[in-house]
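The values are calculated or read from the model by the stated rules, or taken from the named source; none is laboratory data. Owing to the predicted nature of the structure, the values given are computational and were not obtained by experimental measurement. No Cβ is skipped: glycine too gets one built from the backbone with ideal geometry, and neighbour counts run over all protein chains shown. Calculation scope for accessible area: heavy atoms of the full protein, side chains included, ligands and nucleic acids excluded. Shrake-Rupley method; radii C 1.70, N 1.55, O 1.52, S 1.80 Å.
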Amino acid sequence: MSNKVAIIASNGSLFDAYKVFNIATASAATDAEVGIFFTFEGLNLIHKEGNQQLPLPEGKEHFQEGFKEAKVPSIDELIVMAKDLGVKFIACQMTMDVMNVKKENLISGIDVGGAVTFLDFAKDANVTLTF
């Protein structure tokens, strides 16, 4: 049986993006099947404009320089890596409806589905995480 990792991305800060995409790409690089369900503020992580301006927690602005010095890939680079590794991106349809977000506002290559879509993926996951 292969490893399966299910991630719920419900928060939209830069720290959250790094957590989500770091775990997703690391898991996929070890041949795990990975799916991320983006809901509420987590939609910002895959929003074409929103993911370019993800906030850092107040008082943590100095981390921006630390990311550069440590040569940590950008969020855009991590998204490309995740897609290349076969990570499944699922945007929450209900959240999109509530927040009036259209699929064309989101990055390409994502699926749109409800909670049942994600639950169907996650039902036999070995690891389930929420960020």
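Annotations
- Each residue in region 8-58 was checked for being closer than 21 Å to residue 98 by Cβ and β-branched (Val, Ile, Thr), and 5 pass.
- Pick from region 23-53, criterion in contact with a helix residue (DSSP H, G or I) (Cβ under 7 Å, 6 or more places away or on another chain) and either open to solvent by 20 Å² or more (accessible area, probe 1.4 Å) or polar (S, T, N, Q) (or both), ranking: farthest from residue 80 (Cα to Cα): 40
- Scan of region 11-32 for residues that are more than 9 Å from residue 54 (Cβ to Cβ) and in a loop (DSSP other than H, G, I, E, B), ordered by number: 11, 30, 31, 32
- Some residue of region 21-29 being hydroxyl-bearing (Ser, Thr, Tyr) and either touching a strand residue (DSSP E or B) at 6+ places or on another chain (Cβ under 6 Å) or under 20 Å from residue 90 (Cβ atoms) (or both): yes
- Count of region 54-91 residues which are within 25 Å of residue 5 (Cα to Cα), free of Cβ contacts under 8 Å to residues at least 60 places away in the same chain and open to solvent by 40 Å² or more (accessible area, probe 1.4 Å): 10
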